[in-house]
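First the structure, in the form of structure tokens, and then the observations on it.
The values are calculated or read from the model by the stated rules, or taken from the named source; none is laboratory data. Not measured: the values here are computed from a predicted model. Cβ sites come from the backbone with ideal geometry, for glycine too, and all protein chains shown count toward neighbours. Ligands, DNA and RNA are excluded from the accessible area calculation, which covers all protein heavy atoms including side chains. Shrake-Rupley method; radii C 1.70, N 1.55, O 1.52, S 1.80 Å.
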Amino acid sequence: MTPTIRGAAWTFGANVTTDDILPGKYLERCNDEVGQFAMAGIDPTFAARVRPGDIVVAGANFGMGSGRESAPLALKLAGVAAIVAPSYSRIFYRNAINLGLPAVMVDRIDGVLERDEIVISLDERAVINVRTGARFALQNLTGIAREILDAGGIVAFTRARLGQVAVVPETSP
Amino acid sequence: MTLTEKVIARASGVAVVCPGDEVWATADRMIMNDSSGPRRIGPLVAELGGVRDRDKVVIVSDHFIPAANLRHAEILKTTRTWAKSNGIASFFEYEGVLHNLVLEGFLVKPGMLLVGADSHTVTAGAVGAVAVAVGSTELATVVASGQVWLRVPETIRIDLVGKLPALVDMRDVTMQLLGDLGLQHATYRAIEYGGPFTEKLTIEERLVLSNQGIEMGAKNAVVVPSQTVREAMRAVKIDAREAFLLPDADARYLARHTVQVDKLGPLVAAHPSPDNVTAASAVSGIAIDMAWLGSCVGGRLADLRAAASMLRGRKVRVPTLVTPNTADVYRACLADGTLQTLANAGAIVNAPGCGACAGVHMGVAGPSDVVMATATRNFRGRMGSADAQVFLGSAYTVAASAIAGRIIDPRDIGIGGSA
């Protein structure tokens with residue numbers, strides 16, 4: 001992943017479920033179709049309004065419930081560049097990382113208003129709200145999860161592990 | 001080490017693991033369904049060099065059977081074709097739910113490491129295996145490489161003691177735990193169930209404990225295997241001579257909880273969360289539009305028999321759908337008269353599978369519907385409309401509520417009379 005992600009915040013509360021992110025009736029849809037239904041269970045207008053590079057800022061336990069990978073995939077295809085939350089349901093978390101979608105964990109995240117500009121800085125290990133200047137400490141993105149994100153997702157990461165192609169990390173700007 | 005640590009250590013080829021370690025482990029089983037499986041992982045597995053060990057792969061079409069539309073039919077065909085062309089012997093369709101079939105056929109055995117693309121993969125922990133859910137893309141990498149990376153979780157130990165009162169069942173036990181501990185108690189952690197009550201449980205009873213572990217956020221939920229597991233394996237001629245992996249006496253747990261099951265009564269998890277738990281009597285009187293008996297956790301033989309015991313000689317007041325979770329459960333209920341009792345009471349029996357639990361088909365909830373169900377979870381929109389309300393309970397409570405047309409404590413009406 002790139003060391004700095006900058007985007008406008010879309011805020012959600014705690015315990016957003018994968019049924020909220022991608023309702024079960026869309027399970028029959030193909031992978032490449034699901035972006036248009038992102039967050040359909042909680043805000044049917046989200047997918048049409050979110051812009052590429054925007055950031056989802058949510059409360060604790062984001063992505064709980066069904067392990068459907070189409071939930072983080074829908075967010076990614078809708079243009080979401082990263083998610084920031086104090087905690088995630090573990091399957092959602094793993095799925096997001098595996099798809100190359102940074103699911104950033106912070107000690108806490110409060111005082112964020114809709115469309116506040118958010119900066120995620122890996123170098124500074126912090127999430128910054130540009131409007132208020134508030135900084136929140138990064139809690140994750142270390143170890144194997146970080147290696148997978150740096151490879152661009154678990155498919156590229158596995159290809160390298162299996163010795164098929166060397167991982168080419170994304171370069172610094 | 002705890003049981004989960006022991007299994008992960010064995011699977012990763014090291015003597016000892018500690019919570020927080022990151023290890024690469026060899027998976028003994030890789031399981032998937034028609035939604036998470038070949039349609040999504042097929043192209044990725046091919047890209048990564050193909051299926052590494054086809055004997056470890058289990059594929060079950062359970063979400064989209066029987067097909068309700070052309071998309072479903074195409075998914076079923078893709079699943080069937082991929083399973084056959086890759087020589088997957090353990091492929092089943094129209095046989096029931098993946099999680100139940102894996103246990104019925106002992107496709108998972110004590111001490112195994114199982115990885116599956118479905119959150120209720122944890123169910124396989126019922127026989128003392130470590131069963132961990134991942135997404136489709138990651139499962140593709142496991143099928144191609146044989147390996148999965150795991151962060152060794154801290155373990156929470158839950159001991160169950162006592163004897164269940166009448167008309168209270170395993171689901172009331174897990175609802176009590178969810179109500180006490182909440183949705184996030186076990187996030188990133190393992191749960192280990194043991195204690196004298198647990199030792200005597202059948203596999204079908206054990207699976208309620210492991211299955212509902214995911215609703216507490218668990219990475220895996222393992223039930224310490226006992227003589228009952230060994231006997232169940234012998235009964236179907238599965239070699240059970242090997243010593244089971246068991247937790248060490250000096251295993252270190254993050255937390256310990258003990259539940260006296262004698263003290264439990266019928267419970268209900270009110271909309272919209274499995275941890276929104278209250279006594280059935282406290283929500284008694286809420287009118288319902290539909291009752292649903294089914295799912296990997298609530299469509300077991302014991303559930304259908306419990307429902308029949310309530311419905312015998314009575315009639316349901318609201319549409320009542322019954323979805324046995326496997327074809328074997330269906331046949332057993334046919335043979336012992338359970339289906340006859342349910343049908344006489346006015347219930348409709350569906351094809352074995354996941355049915356309406358995931359909001360896909362066969363009884364999804366409409367706008368403003370109030371549903372009383374044995375489903376796995378009741379988040380907003382889970383069973384269909386985002387405006388529907390779903391209440392969860394044991395099969396006793398769901399059947400009693402179907403008879404009353406409103407939520408009711410099953411002890412208020414007791415079991416039914418003659419057919």
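For the stretch B:322-333, backbone phi angles converted through the Karplus equation (6.51, -1.76, 1.60; θ = phi - 60°) give residue-by-residue couplings of 10, 10, x, 7, 9, 5, 5, 5, 4, 5, 5, 6 Hz, Gly and Pro being listed as x.
Just need the Rg to Rh number for the stretch B:33-122, please, alpha carbons only, Kirkwood Rh.
Numbers: Rg = 12.8 Å, Rh = 13.5 Å.
The Rg/Rh ratio comes out at 0.95.
Taking a ≥ b ≥ c as the square roots of the eigenvalues of the alpha-carbon gyration tensor, the stretch B:267-412 is classed oblate because a/c is 1.5 or more while a/b is no larger than b/c. Annotation: amide H of A:Arg115 within the under-5 Å range of A:Ala9, A:Trp10, A:Thr11, sequence separation 5 or more or interchain, hydrogens built in the peptide plane. Ranked by the mean number of other Cβ atoms within 10 Å of their residues, highest first, the peptides B:399-405, B:181-187 come out as B:399-405, B:181-187. Between A:Leu162, B:Tyr330, B:Ser12, the Cα set farthest toward the positive side of the dipole of the protein assembly as shown (charges on each charged residue's Cβ, about the Cα centre) is that of B:Tyr330. Only lysine pairs 8 or more places apart or on separate chains count here, and in the protein assembly as shown those with Cα atoms under 25 Å apart total 21.
Figure note: B:Lys56, B:Lys237, B:Lys84 ranked by solvent-accessible area, largest first, 1.4 Å probe, ligands and nucleic acids not counted: B:Lys237, B:Lys84, B:Lys56. In the stretch B:33-135, Cα pairs under 8 Å separated by at least six residues give a relative contact order of 25 percent.
So what's the back-of-envelope 222 nm ellipticity for chain B, counting only DSSP H runs of four-plus at -39500 (n - 2.57) apiece and dividing by all residues, rounded to 500? Don't jump to the answer; show the numbers that get you there.
Working: 13 runs with 126 residues, N = 419.
Calculated from helices alone, the mean residue ellipticity at 222 nm is -8500 deg cm²/dmol.
Net charge of the neighbourhood of B:Ala306, taken over other residues with C-beta under 10 Å away and scored Lys/Arg +1, Asp/Glu -1, is +1. Only protein atoms count toward the accessible area here, which uses a 1.4 Å probe; on chain B, the carbon and sulfur part of that area reaches 51 percent. When +1 charges are put on Lys and Arg Cβ atoms and -1 charges on Asp and Glu Cβ atoms, the dipole computed for the protein assembly as shown relative to its Cα centre reaches about 600 debye.
The distance separating the Cα centre of the stretch B:210-250 from that of the stretch B:4-37 comes to 15 Å.
Could you compute the net charge surrounding A:Gly143? Neighbours are other residues with a C-beta less than 12 Å from the C-beta of A:Gly143; K and R count +1, D and E count -1. For residues surrounding A:Gly143, the net value is -2.
At 1.4 Å probe radius, can you tell me the per residue accessible area of the stretch A:35-161 in Å²?
Details: 4190 Å² over 127 residues.
Per residue, the stretch A:35-161 has 33 Å² of solvent-accessible surface.
Among B:Pro153, B:Pro367, B:Pro274, the largest mean-square fluctuation in a Gaussian network model of chain B (Cα springs under 10 Å) belongs to B:Pro367.
Note on chain B: GNM, Cα springs under 10 Å; of B:Asp55, B:Asp303, B:Asp289, the largest mean-square fluctuation is that of B:Asp55. Lys/Arg Cβ at +1, Asp/Glu Cβ at -1, dipole of the stretch B:3-261 taken about the Cα centre: which of B:Leu183, B:Leu150, B:Val102 is farthest positive-ward? The listed residue farthest towards the positive side: B:Val102. Each Cα pair under 8 Å and six or more residues apart adds its separation to the average, and for the stretch B:257-402 the resulting relative contact order is 32 percent.
Let me confirm one metric for peptide A:13-21, namely the mean number of other chain beta-carbon atoms within 10 Å of its residues' beta-carbons.
Values: counts 0, 2, 6, 1, 8, 3, 11, 5, 0.
Average neighbour count from other chains, rounded to a whole number: 4.
Taken along its three principal axes, the alpha carbon spread of the stretch A:4-139 comes to 43, 28, 23 Å, from the longest extent down to the shortest.
Per residue of A:41-51, what is the mean number of Cβ atoms on other protein chains within 10 angstrom of that residue's Cβ? The partial results should precede the final answer.
Numbers: counts 6, 3, 0, 1, 0, 0, 0, 0, 0, 0, 0.
For this peptide, the per-residue mean of nearby foreign Cβ atoms is 1.
The angle between the Cα long axis of helix B:3-12 and the main principal axis of chain B comes to about 40°, on a 0 to 90 degree scale.
Give me Rg/Rg_expected for the protein assembly as shown, where Rg uses Cα atoms only and Rg_expected = 2.2 N^0.38 Å with N residues.
My calculation over the Cα atoms of the protein assembly as shown gives 0.93.
Once the convex hull of all Cα atoms in chain B is built, its volume per residue stands at 127 Å³. When the charge dipole of the stretch A:4-139 is built from unit charges on Cβ atoms (+1 for Lys and Arg, -1 for Asp and Glu) and taken about the Cα centre, the candidate among A:Val84, A:Pro23, A:Leu73 whose Cα reaches farthest toward its positive end is A:Val84. For the peptide A:59-72, the mean number of other protein chain Cβ atoms found within 10 angstrom of a residue's Cβ is 6.
Axis angle, to the nearest 10 degrees, between helix B:70-85 and the longest C-alpha principal axis of chain B: 40 degrees. Helix B:170-181 and the longest principal axis of the C-alpha atoms of chain B enclose an angle of approximately 70°. Note: relative contact order over chain B, using C-alpha pairs below 8 Å and six or more positions apart, is 17 percent.
Each Lys and Arg adds +1 at its Cβ and each Asp and Glu adds -1 at its Cβ; summed about the Cα centre, the stretch A:4-139 shows a dipole of about 120 debye. Charge dipole of the stretch B:191-343 (Cα centre as origin; +1 on each Lys and Arg Cβ, -1 on each Asp and Glu Cβ, all else neutral): 440 debye, rounded to the nearest 20. Of all the options B:Leu209, B:Leu164, B:Leu113, the one that moves most in a Gaussian network model of chain B with Cα springs shorter than 10 angstrom is B:Leu164.
Rounded to the nearest 100 Å², what is the buried accessible area between A and B, both sides summed, probe 1.4 Å?
Details: alone 8370 and 15840 Å², together 20570 Å².
About 3600 Å² of accessible surface is lost on pairing.
Within a Cβ distance under 11 Å of B:Val134, other residues only, what is the Lys/Arg minus Asp/Glu net charge? Local net charge: 0.
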